[in-house]
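Heads up: the structure comes next, in structure tokens.
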Amino acid sequence: MLEQLKQTFIETFGSINEVQIFFAPGRVNLIGEHTDYNGGHVFPCALSIGTYAIARKRNDRKIRLYSMNYAEASVIEVDLNDLSFDDAHGWANYPIGVVWTFLQSNYSITTGFEVAFYGNIPNGAGLSSSASIELATSIVLKELFEFDIEKLDMIKLSQKAENEFVGVTCGIMDQFAIGMGKKDHAILLNCDTLEYVYSPILLEEYAMIIADTNKRRGLTDSKYNERRKQCEEALKTLKRELDIETLADLTKDDFEKHRLLIEDPIIQKRAKHVVYENRRTIEAVEKLNRNDINGFGRLMNESHRSLRDDYEVSCKELDVLVKAAWNEDVIGSRMTGAGFGGCTINIVARGRVDSFIERVGSAYRELTGLDADFYVVEIGDGVTTL
Ligand code: GLA
């Protein structure tokens with residue numbers, strides 16, 4: 001991949017002299033979905049697949065960006081003095097947004113630069129190809145312009161680019177996992193305090209399989225923003241009676257005692273998911289740390305039911321794929337990421353990987369007419385210079 005990208009860089013930008021090379025992974029979330037923007041816990045890990053970036057400074061004020069994943073878009077060129085969101089820039093709004101947030105935070109980007117990207121994360125599959133490009137851009141800026149910037153600030157500026165430049169009000173999970181990922185570990189992150197601990201995931205006996213529905217997430221951004229608003233409304237109502245800062249401050253008991261304060265049954269269900277999912281995430285990691293992989297898997301399954309029934313962010317294709325997995329002897333299976341399409345995450349005994357893929361794949365084809373893609377994934381490190 002990297003050789004192809006080098007070749008492309010030469011073809012696009014003339015030579016490969018004085019370049020720097022970077023890698024930012026994709027991520028998958030094991031449990032703790034739609035909790036990050038509610039001050040709750042998440043448990044994601046970085047993947048060994050991701051985005052490569054080759055970059056070099058220029059002598060003028062031009063930013064020139066090329067992605068082998070969007071070759072039809074050709075080179076996108078913008079001026080450092082004139083950065084604004086533009087539909088016509090498509091994928092490049094993500095890196096341009098990161099440059100914009102760095103400038104807003106007074107990082108002095110003194111010249112233009114050029115970058116070629118190449119990623120092997122399926123686009124729009126819920127594995128954070130966009131946050132991967134954001135963090136890749138952050139490290140490009142850090143290294144080209146020798147900024148003394150902490151990882152956590154790169155993470156925050158990347159999230160800010162997505163929130164304020166691209167206009168998706170995502171939480172911090174994706175950028176955090178991609179920034180802080182550690183090989184063979186998942187990260188239990190408290191999204192309220194940003195405290196985190198690494199948990200070893202030693203997948204000797206078990207494999208992690210990502211199954212892609214190949215149903216691309218339609219309407220995700222508007223539905224995502226709608227869920228956020230519903231959670232804000234639930235919190236506002238509960239705060240009238242309760243001394244809480246976030247929905248994740250509630251225990252399940254607190255919630256059950258006060259749930260009727262929320263009149264709208266839909267909003268009530270949304271809040272229920274958040275409160276239960278947050279507690280479930282903490283419990284699941286405790287189980288994993290006690291080597292109770294089956295207990296962990298059961299909570300993954302419960303997480304899926306809650307996302308399907310209470311948070312209503314699943315879809316037919318995800319449900320079919322998860323059900324087909326449940327019919328095999330999977331340890332745990334659930335949708336992962338924002339939902340409305342994208343991928344499921346499955347934990348399967350190593351010896352059963354091939355038959356799992358074959359049987360789940362054919363059940364899925366039969367019921368949806370679609371082919372799923374399966375990836376047996378490894379947990380990799382966070383964003384890095386190569
Ligand atoms: C998307 C967002 C994350 C998180 C998940 C749902 O991936 O970018 O911040 O909210 O959805 O858990």
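Go through (1) more than 20 Å from THR344 (Cβ to Cβ); (2) open to solvent by 20 Å² or more (accessible area, probe 1.4 Å); (3) within 16 Å of the ligand (Cβ to nearest atom) for GLU134 and report which single condition fails.
Here GLU134 meets the rest and fails (2).
For the stretch 267-311, give me each residue that is among the acidic types (Asp, Glu) and either over 23 Å from LYS229 (Cβ atoms) or crowded, with 18+ Cβ neighbours inside 10 Å (or both). Spell out the reasoning first.
We begin by selecting, within the stretch 267-311, every residue among the acidic types (Asp, Glu); these are 277, 283, 286, 292, 302, 309-310.
Correct list: GLU277, GLU283, GLU286, ASP292, GLU302, ASP310.
Quick one: would you say GLY50 is in contact with a Ser or Thr (Cβ under 9 Å, 6 or more places away or on another chain), among the small types (Gly, Ala, Ser) and within 12 Å of the ligand (Cβ to nearest atom)?
no
Please pick out the residue among LYS183, LYS160 that is basic (Lys, Arg) and within 16 Å of the ligand (Cβ to nearest atom).
It is LYS160.
Within the stretch 64-98, track down each residue that is among the hydrophobic types (A, V, I, L, M, F, W, C) and in contact with a Phe, Trp or Tyr (Cβ under 6 Å, 6 or more places away or on another chain).
Within the stretch 64-98, MET68, VAL75, LEU83, PHE85, TRP91 meet the criteria.
Is there any pair linking a residue in the stretch 222-245 that is within 26 Å of GLY339 (Cα to Cα) and assigned to a helix (DSSP H, G or I) to one that is within 16 Å of the ligand (Cβ to nearest atom) and among the hydroxyl-bearing types (Ser, Thr, Tyr), with Cβ under 8 Å and at least six apart or on different chains, and which?
Close Cβ pairs (under 8 Å, with a partner that is within 16 Å of the ligand (Cβ to nearest atom) and among the hydroxyl-bearing types (Ser, Thr, Tyr)) amount to TYR224/THR169; ASN225/THR169; ARG227/TYR311; ARG228/TYR37; ARG228/THR169; CYS231/TYR37; LEU235/THR246.
Collect the residues in the stretch 312-323 that are free of Cβ contacts under 8 Å to residues at least 60 places away in the same chain and open to solvent by less than 10 Å² (accessible area, probe 1.4 Å), keeping them in residue-number order.
The one that is free of Cβ contacts under 8 Å to residues at least 60 places away in the same chain and open to solvent by less than 10 Å² (accessible area, probe 1.4 Å): VAL322.
When you scan the stretch 290-372 for helices (runs of 4 or more DSSP H) that lie fully inside it, which ones turn up with 1 or more residues that are closer than 20 Å to PRO44 by Cβ?
Working: elements: 293-309, 316-327, 353-368.
The helices (runs of 4 or more DSSP H) meeting that bar are 293-309, 316-327.
Can you give me the ranges of the strands (runs of 3 or more DSSP E) entirely in the stretch 1-87 with at least 3 residues that are touching a residue at least 12 places away in the same chain (Cβ under 8 Å) and under 30 Å from ALA271 (Cα atoms)?
Values: elements: 20-29, 44-57, 62-67, 76-79.
Because the criterion is at least 3 residues that are touching a residue at least 12 places away in the same chain (Cβ under 8 Å) and under 30 Å from ALA271 (Cα atoms), the strands (runs of 3 or more DSSP E) in the stretch 1-87 that meet it are 20-29, 44-57.
Between residues in the stretch 162-183 that are within 16 Å of GLY380 (Cα to Cα) and residues that are hydroxyl-bearing (Ser, Thr, Tyr), which pairs lie under 6 Å by C-beta distance while being six or more apart or on different chains?
Qualifying pairs under 6 Å: ASP174/SER128; GLN175/SER158; ILE178/SER132; LYS182/TYR198.
Can you pull out the residues in the stretch 65-104 that are more than 21 Å from THR51 (Cα to Cα) and surrounded by 13 or more Cβ atoms within 10 Å (Cβ to Cβ)?
VAL78, LEU80, LEU83, PHE85, LEU103, GLN104, listed by residue number.
Would you pick out the residues in the stretch 269-308 that are among the hydroxyl-bearing types (Ser, Thr, Tyr) and over 19 Å from the mean Cα position of the chain (by Cα)?
Result: TYR276, SER306.
Checking the structure you have, find out if any residue of the stretch 34-42 is among the aromatic types (Phe, Trp, Tyr), within 16 Å of the ligand (Cβ to nearest atom) and open to solvent by less than 60 Å² (accessible area, probe 1.4 Å). Steps first, answer last, please.
Quick first cut of the stretch 34-42, residues among the aromatic types (Phe, Trp, Tyr) only: 37.
Then drop every residue that is not within 16 Å of the ligand (Cβ to nearest atom), which leaves 37.
Okay, now just the ones that are also open to solvent by less than 60 Å² (accessible area, probe 1.4 Å), so 37.
The answer is yes, given that some residue of the stretch 34-42 is among the aromatic types (Phe, Trp, Tyr), within 16 Å of the ligand (Cβ to nearest atom) and open to solvent by less than 60 Å² (accessible area, probe 1.4 Å).
Against the condition closer than 25 Å to ASN214 by Cα and surrounded by 22 or more Cβ atoms within 10 Å (Cβ to Cβ), how does CYS343 come out, does it pass?
It is true that CYS343 is closer than 25 Å to ASN214 by Cα and surrounded by 22 or more Cβ atoms within 10 Å (Cβ to Cβ).
Does GLU256 meet the test of being among the charged types (D, E, K, R), open to solvent by less than 30 Å² (accessible area, probe 1.4 Å) and in a helix (DSSP H, G or I)?
Values: among the charged types (D, E, K, R): yes; open to solvent by less than 30 Å² (accessible area, probe 1.4 Å): no; in a helix (DSSP H, G or I): yes.
So GLU256 does not fit the description; no.
Taking the condition of being of a type in the set (A, V, I, L, M), more than 14 Å from the ligand (Cβ to nearest atom) and out of contact with any strand residue (DSSP E or B) (no Cβ under 6 Å at 6 or more places or on another chain), how many residues in the stretch 140-157 meet it?
5
The values are calculated or read from the model by the stated rules, or taken from the named source; none is laboratory data. All values derive from a computational prediction rather than experimental measurement. All Cβ positions, glycine included, derive from the backbone under ideal geometry; neighbour counts span all protein chains shown. The area values use the complete protein model at the heavy-atom level, side chains included, leaving out ligands, DNA and RNA. Shrake-Rupley method; radii C 1.70, N 1.55, O 1.52, S 1.80 Å.
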